[in-house]
Amino acid sequence: MTDPADRTFSESEEAIMKATYRALREYGYADLTIQRIADEYGKSTAAVHYYYDTKDQLLASFLDYLLERFVDSIRDVETTDPEERLQLLLDELLVKPQENPDLSVALLEMRSQAPYKTAFRDRFAQNDEYVRYLLKAAVNHGIDEGAFTDVDAEHVTRSLMTIIDGGRTRAVVLDDLGALVTARRTAGEYVDAVLR
């Protein structure tokens, strides 16, 4: 699997991405406008349009930006222990979203547009593929090291993704951050039951 974080952002583009992040948290996807992003950026809409012709183009780049940040955070995990790595990945996927519930809402709104917007769908598919790759690599590494039972790593990965996606969706749709706590606990129980 190739590393998805191959896009580079200029200093101005980075500032626009940070402004988009703040605007999305404040207004959500439905009420997001280039004007609101420009207001957060502290410049005119023309300054934003210099880099991005449309809001959708900007948001597709924003998804690239988020994926790059996620990849960077995973790179910061400096353990080769497969059990610890899997636990840290699950924390990154289910505990960290509790810190930014407004962003989680905006991302779910964007995700709901994926069936209609190819650029969004492609980014979300790339993110999903990368997360599945990381989880499966941790499971396979644990099997190879004898830390985990010899199981179908693909099935385990898909099951964990179902728990993750379910917890994230419930947290946003039902406005219940406890769903992330439950999903994290359930993922841990699943790992204990299936891999040990």
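Against the numbered list (1) touching a residue at least 12 places away in the same chain (Cβ under 8 Å); (2) within 28 Å of Thr118 (Cα to Cα); (3) within 20 Å of the chain's Cα centre (by Cα); (4) assigned to a helix (DSSP H, G or I), Leu32 comes up short only at (4). Among the residues of segment 35-74, just one is surrounded by 18 or more Cβ atoms within 10 Å (Cβ to Cβ) and outside any helix (DSSP H, G or I), namely Tyr52. Of all residues in segment 144-194, exactly one satisfies the criterion of being in contact with a Ser or Thr (Cβ under 6 Å, 6 or more places away or on another chain) and farther than 17 Å from Tyr133 by Cα, namely Val172.
Being closer than 22 Å to Ala125 by Cα, under 12 Å from the mean Cα position of the chain (by Cα) and modelled with pLDDT of 90 or more: is that true of Leu63 here?
yes
Within segment 172-190, at least one residue is assigned to a helix (DSSP H, G or I), surrounded by fewer than 16 Cβ atoms within 10 Å (Cβ to Cβ) and of a type in the set (Asp, Glu). Close contacts from segment 145-159, counting a first residue that is within 16 Å of Leu90 (Cα to Cα) and a second that is among the aromatic types (Phe, Trp, Tyr), with Cβ to Cβ under 7 Å and a gap of 6+ residues or different chains, come to Ser159/Tyr190. Candidates in segment 119-166 are the residues that are surrounded by fewer than 15 Cβ atoms within 10 Å (Cβ to Cβ) and among the aliphatic types (A, V, I, L, M); of these, the one that is farthest from Leu66 (Cα to Cα) is Val151.
The values are calculated or read from the model by the stated rules, or taken from the named source; none is laboratory data. Computed from a predicted structure; not experimentally measured. A quick note on method: Cβ atoms are made from the backbone with ideal geometry, for glycine too, and the neighbour counts reach across all protein chains shown.
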